[in-house]
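I am attaching a structure below and will ask some questions about it afterwards.
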Amino acid sequence: VPGVAPGHVAVIGAGVVGTNALQIAVGMGARVTVLDKNVDRLRQLDLIYGNRIQTMFSNAHNLEDAVMSADLVIGGVLVPGAAAPKLVTRSMVARMKPGSVVVDVAIDQGGCFETSHATTHENPTFVVDNVIHYCVANMPGAVARTSTFALNNATIGHALALADKGWARAMKANPHLKNGLNVCQGHVTYEAVAHALGYPCVPADSLLG
Ligand SMILES: NC(=O)c1ccc[n+]([C@@H]2O[C@H](COP(=O)([O-])OP(=O)(O)OC[C@H]3O[C@@H](n4cnc5c(N)ncnc54)[C@H](O)[C@@H]3O)[C@@H](O)[C@H]2O)c1
């Protein structure tokens, strides 16, 4: 509304989640700050949105700045194969504006707010230190039919390749499918998962025959 300062939305993580979150926030006329450690991602978003968003390198100082002034913080960080880093601490949440909202999309990987715990659509929110938390682990479940079709569109090619070629040949033919292999013939084949669980990592190539 002319004459009124817009709400401030801080988006942590500029990947798939963060990009979609900021698209909606910009569309609603918010002041948007997006933080990521990957400067190339920030550069791409800067090219698209120009001065309609503010991009910030994700470090402790910038995170603190953005979170303290935000009305809404959306957390969409991912470190592949590892638990999400707890970037927003309990003490930061306690110092946020009363009534502000945090949405921890990364909750399915443990969450990036120290105060988060997973919730469901049945009872999606809870309050910690006057800050409303929304931490639904399966957000696309709100539009189950649409999200199932969208997921199938992306995965059906892999399912058909596995059915047509058999798993080993399909993996050899498609590095993306092979990169997704976590466990094979009793061995952990994904470096970060092996590291997190204390198992040796056996390269997938050595098991494909
Ligand atoms: N709850 C749900 O319903 C739901 C839905 C979709 C995705 N997710 C989860 O959301 C998370 C993000 O998914 P995505 O597809 O956007 O991943 P992505 O890989 O596309 O993006 C993650 C981003 O986080 C950034 N990042 C890593 N460390 C960071 C740090 N310290 N500070 C700031 N940014 C950092 C990465 O550089 C990357 O750009 C995943 O854990 C995913 O499983 C949850």
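Computed from the coordinates by the stated procedures, all read-outs in this text should not be read as laboratory data. Nothing here was measured: the structure is a model prediction, and the numbers come from that model. Cβ atoms come from the backbone with ideal geometry, glycine included; neighbour counts cover every protein chain shown.
Output the 0 to 90 degree angle, nearest 10, between the alpha-carbon long axis of helix 144-165 and the longest principal axis computed from the alpha carbons of the chain.
Its long axis makes an angle of about 20 degrees.
Let me ask something else about it. So for the chain, averaging the separation of alpha carbon pairs under 8 Å that are six or more residues apart and normalising by length, what relative contact order in percent results? Please report the intermediate quantities before stating the final value.
Numbers: 350 pairs, mean separation 28.2, N = 209.
For the chain, the relative contact order is 13 percent.
May I pose another question? Counting Lys and Arg as +1 and Asp and Glu as -1, each charge on the Cβ, what is the dipole of the chain about the Cα centre in debye, to the nearest 20?
Working: 14 positive and 14 negative charges, 70 e Å.
The dipole magnitude comes to about 340 debye.
If the only charges are +1 at each Lys and Arg Cβ and -1 at each Asp and Glu Cβ, what is the size of the charge dipole of the stretch 1-121 around the Cα centre, to the nearest 20 debye?
Details: 9 positive and 9 negative charges, 28 e Å.
Approximately 140 debye in magnitude.
Taking every DSSP beta bridge that has both residues in the chain, what percent is antiparallel when rounded to the nearest 5? Before the final figure, lay out each step's value.
Details: 6 of 30 bridges.
Bridges in the chain that DSSP calls antiparallel: roughly 20 percent.
Oh, and also: Quickly work out the residue 148-to-residue 195 label distance, labels modelled 7 Å from Cα along the C-beta direction, and quote it in nm with one decimal.
Taking the simple label geometry, residue 195 and residue 148 are separated by 3.7 nm.
For 158, 133, what's the fewest-to-most ordering of other Cβ within 10 Å of each Cβ? Intermediate results must be reported in sequence, preceding the final value.
Numbers: 158 14, 133 22.
Lowest count first: 158, 133.
I need 191, 64, 122 ordered by Cβ neighbour count within 10 Å, fewest first. Before the final figure, lay out each step's value.
Details: 191 12, 64 15, 122 6.
With the fewest neighbours first, 191, 64, 122 line up as 122, 191, 64.
Right, something else. Helix 16-27 versus the longest principal axis of the chain: what angle, 0 to 90°, nearest 10, using Cα atoms?
30 degrees
Using Cα positions and a limit of under 18 Å, work out the lysines in reach of residue 178, with same-chain residues fewer than 8 apart set aside.
Reachable lysines: 165.
Specify the angular offset, from 0 to 90 degrees and rounded to the nearest 10, of the alpha carbon long axis of helix 60-69 from the longest principal axis of the alpha carbons in the chain.
50 degrees
Let's see if you can work this out: charge +1 on each Lys and Arg Cβ, -1 on each Asp and Glu Cβ, no other charges. What is the dipole magnitude of the stretch 97-172 about its Cα centre, in debye to the nearest 20?
Details: 5 positive and 6 negative charges, 100 e Å.
With Lys and Arg at +1 and Asp and Glu at -1, about 480 debye.
Moving to a separate point now. Let's test the formula: R0 of 25 Å, r as the Cβ-Cβ distance of residue 163 and residue 187. What FRET efficiency results, to the nearest 0.05? List each step's numbers first, then the result.
Details: r = 24 Å, r/R0 = 0.95.
Taking R0 as 25 Å, the efficiency between residue 163 and residue 187 is 0.55.
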